[in-house]
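The values are calculated or read from the model by the stated rules, or taken from the named source; none is laboratory data. What you see is a predicted model, and the numbers here were worked out from it, not measured in a lab. Positions of Cβ are backbone-derived with ideal geometry, glycine not excepted, and every protein chain shown enters the neighbour counts.
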Amino acid sequence: MSGLELIGIGMSVAGGVFQATTAMAQAEQKAKIARYNQQIAERNKDIAEAQGEADAEDKRRENARQLGTIRAVYGSSGLEMSGSPLDVLTDTATEQGLEVQKIRYKGALRGMGYSDKAAQYGMEADYAPTEGMQGVVSSIFKTGSSILGSPTLRSRF
């Protein structure tokens, strides 16, 4: 084998090693990004749930004020808190309680969406090293194929 042929084979091997190293570095970077995105999604989940609870608490306070106003209006008009006025008050309180539950539920759903996204990012981060190894193995096979398929080596066999 001539010196130029050996240099060509050496360059092919060096190129393969570089590709393999690059594949692993990319996989590590991809895993870091996915872990960071996972942390953000988990934080957003907590924020969405807390925001839902805060919104529900605000609605509960608003509802209490409305019920107080209704009671005051009934009291100032001389109506007793029995029969139809009590039924209206009970229905209003029930509807308001349902509104509060809807607000909490929406916050929980937003939180679940972020939780699912966090899990997805976690899986991406877990898979990244495997993907990197696949890149390394692919690079090794390409380099070996390139070397073995070179015209110089084929003519020797």
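Within segment 55-97, being part of a helix (DSSP H, G or I) and aliphatic (A, V, I, L, M) holds for Ala56, Ala64, Leu67, Ile70, Ala72, Val73, Leu86, Val88, Leu89, Ala93. Here Met123 meets each of (1) farther than 30 Å from Glu53 by Cβ; (2) exposed (fewer than 13 other Cβ atoms within 10 Å of the Cβ) with one exception, condition (1).
In segment 93-100, is there at least one residue being within 37 Å of the chain's Cα centre (by Cα), at pLDDT 85 or above, surrounded by 15 or more Cβ atoms within 10 Å (Cβ to Cβ) and under 30 Å from Val137 (Cβ atoms)? For segment 93-100, residues within 37 Å of the chain's Cα centre (by Cα), at pLDDT 85 or above, surrounded by 15 or more Cβ atoms within 10 Å (Cβ to Cβ) and under 30 Å from Val137 (Cβ atoms): absent.
Per the listing Ile103, Ile33, the residue uniquely modelled with pLDDT of 90 or more, within 30 Å of Lys142 (Cα to Cα) and β-branched (Val, Ile, Thr) is Ile33. Just checking, does segment 52-60 include any residue being closer than 30 Å to Glu131 by Cα and of a type in the set (Lys, Arg)? The answer is no; no qualifying residue exists. Residues that are assigned to a loop (DSSP other than H, G, I, E, B) and charged (D, E, K, R) are absent from segment 108-127.
Here the condition is being of a type in the set (A, V, I, L, M, F, W, C) and farther than 30 Å from Gln134 by Cα; of Val100, Val17, it holds for Val100 alone. Of all the residues in segment 1-31, those that are within 20 Å of the chain's Cα centre (by Cα), exposed (fewer than 14 other Cβ atoms within 10 Å of the Cβ) and touching a residue at least 24 places away in the same chain (Cβ under 8 Å) number 1.
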